[in-house]
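Single-structure report; data block below.
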Amino acid sequence: MAYDHEEQEQMASIKAWWSQYGNLLTWALTIVLAGYAAWSGWNYYQRTQSTQASMLYNELQNAVTAKDNARIQRAATDLQDRYVRTAYAQMSALVAAKAAVDANDVPLAKAQLQWIIDKGADTEYKAIARIRLAGVLLDEKAYDAGLALLAGDFPAAFAADVADRKGDLLVAQDKLPEARTAYQLALDKAEQKNPGRQLIQLKLDAIGGAAAKAAA
């Protein structure tokens, strides 16, 4: 009987505890389970989006191989409309911009690059788009617009490319001292194994960079 009495006291204590905290515990458990379900569902959604986007990107690559600009642009638009949060959407815009340039459709190329700048989620792709769009503006002789596009912050890895493109724009404006400074900065920022260093050096030498350095 003593054992039964002790057991009854324990049961009474458990009931009292549950009466006080059971509802709170139930809600907490429900929130945890709901959070886990949402997290699992989001991961599944992300994997599905990435898989579907990769398949569509493969179609775009096939269109590139076929040199079919219309198919390239359609695939890129589909990726941007349906899978905007994936890297494939930004990659497709870069590919589509190049295809548009090759097809002499400069407005479309600019639109593709501007899409990355405005809606891209990755800072690296946005940097590439700004540099390439500045190159398109250089060809259009919109030099100030190109320089404005290169103003502001860029990831450190793009410092050489940004300075090089600035140099091109400044040369086009016949601002040679500023261009020399930009090209020299590009050389300073470029890694020694960067294959573009030789071209930057040639451009610097062509505007008297070597002589300016010797005088200094």
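The values are calculated or read from the model by the stated rules, or taken from the named source; none is laboratory data. Bear in mind that the values here come from a model prediction, so they are computed numbers and not experimental data. Don't worry about glycine lacking a Cβ; one is built from the backbone with ideal geometry, like all the others, and counts go over all protein chains shown.
Limited to the range 69-95, what total is found for residues that are surrounded by fewer than 15 Cβ atoms within 10 Å (Cβ to Cβ) and modelled with pLDDT of 90 or more?
The total comes to 1.
Criterion first (buried (at least 21 other Cβ atoms within 10 Å of the Cβ), touching a residue at least 24 places away in the same chain (Cβ under 8 Å), among the aliphatic types (A, V, I, L, M) and closer than 29 Å to K189 by Cβ) does A163 satisfy it?
It is true that A163 is buried (at least 21 other Cβ atoms within 10 Å of the Cβ), touching a residue at least 24 places away in the same chain (Cβ under 8 Å), among the aliphatic types (A, V, I, L, M) and closer than 29 Å to K189 by Cβ.
Go through the range 135-161 and count every residue that is out of contact with any Asp or Glu (no Cβ under 7 Å at 6 or more places or on another chain) and in a helix (DSSP H, G or I).
Within the range 135-161, residues that are out of contact with any Asp or Glu (no Cβ under 7 Å at 6 or more places or on another chain) and in a helix (DSSP H, G or I) number 17.
So T123 passes all but one of these: (1) surrounded by fewer than 18 Cβ atoms within 10 Å (Cβ to Cβ); (2) modelled with pLDDT of 95 or more; (3) within 20 Å of K189 (Cα to Cα). Which condition number does it fail?
(2)
Go over the candidates A129, A151, A111 one by one and state the one that is surrounded by 21 or more Cβ atoms within 10 Å (Cβ to Cβ) and among the hydrophobic types (A, V, I, L, M, F, W, C).
A129
I need the full set of residues from the range 82-92 which are in a helix (DSSP H, G or I) and either within 17 Å of Y125 (Cβ to Cβ) or in contact (Cβ under 8 Å) with a residue 40 or more places away in the chain (or both), in order please.
A87, Y88, A89, Q90, M91, S92, listed by residue number.
Let me confirm something: among G152, G167, G135, G120, which residue is of a type in the set (G, A, S) and at positive phi?
G152
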